[in-house]
Amino acid sequence: MPTCKSCGTEWTWRQTVKKTFSNMKCPHCGEKQYLTARSRKKSSVVAFLAPLTLLFSFIVNFSSIVTIILLIGLSIVWFGLSPFIVELSNEEEPLW
């Protein structure tokens, strides 16, 4: 779980999910937090799995139902695990 770089408090899973979709301010000290470049890169790699799943399903000739189930399953796994790969920083880091 991510830890605030200002106050050192570890965020809960629920707080992390909630803050990921809105302003990333620490729920304890109120300081603005940013995703690290490393964390954003990890997120983009995992987000790239959805198009790969679609491509794979067309190559292997899966039915539409199987493809949809795979995408829903990947989405659930991603949503559940994403707070564990979030890393925070006090400053916005360049991606490269």
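The numbers here are math on the coordinates, done by the rules we state, and not lab data. Note that the structure is predicted; figures quoted are calculated from it, not measured. For neighbour counting, all protein chains shown are included, and Cβ atoms are generated from backbone atoms with ideal geometry for every residue, glycine included.
Ignoring everything except DSSP H segments at least 4 long, calculate the 222 nm mean residue ellipticity for the chain; use -39,500 (n - 2.57) per segment, divide by total residues, nearest 500.
-17500 deg cm²/dmol
Take each uninterrupted DSSP H stretch in the chain, measure its Cα extent along the helix axis, and return the ones at 24 Å or beyond whose mean Kyte-Doolittle hydropathy is at least 0.0.
64-85
Once phi is turned into θ = phi - 60°, what whole-Hz ³J(HN,Hα) does the Karplus curve with 6.51, -1.76 and 1.60 give for every residue of segment 29-35, x standing for Gly and Pro?
Listing the rounded values in order: 9, x, 6, 6, 10, 10, 5 Hz.
Chymotrypsin sites (Phe, Trp or Tyr not before Pro), restricted to segment 1-54: which are DSSP loop and have at most 14 other Cβ atoms within 10 Å?
Phe21, Phe48
Out of residues 5 or more away from Glu31 or on other chains, whose amide H comes under 5 Å of its own, with H placed 1.01 Å from N in the peptide plane?
Cys26
Please work out how much length the chain gains when fully extended from His28 to Glu10, using 0.36 nm per residue of separation minus the C-alpha to C-alpha distance, in nm with one decimal.
That pair, His28 and Glu10, stretches by 5.5 nm at full extension.
Tell me, in nm to one decimal, what length is gained between Val45 and Ile76 on full extension, where the rule is 0.36 nm per residue of separation less the Cα-Cα distance?
Full extension of this stretch gives 9.5 nm more.
I need the Debye-formula profile for the chain: one equal scatterer per C-alpha, no solvent, reported as log10 I(q)/I(0) at q = 0.15, 0.17 1/Å, two decimals.
-0.65, -0.76
How far is the Cα center of segment 60-96 from the Cα center of segment 10-46, in Å?
15
Relative contact order (percent) for the chain, with alpha-carbon contacts under 8 angstrom and 6 or more residues of separation?
With pairs under 8 Å counted, the relative contact order is 45 percent.
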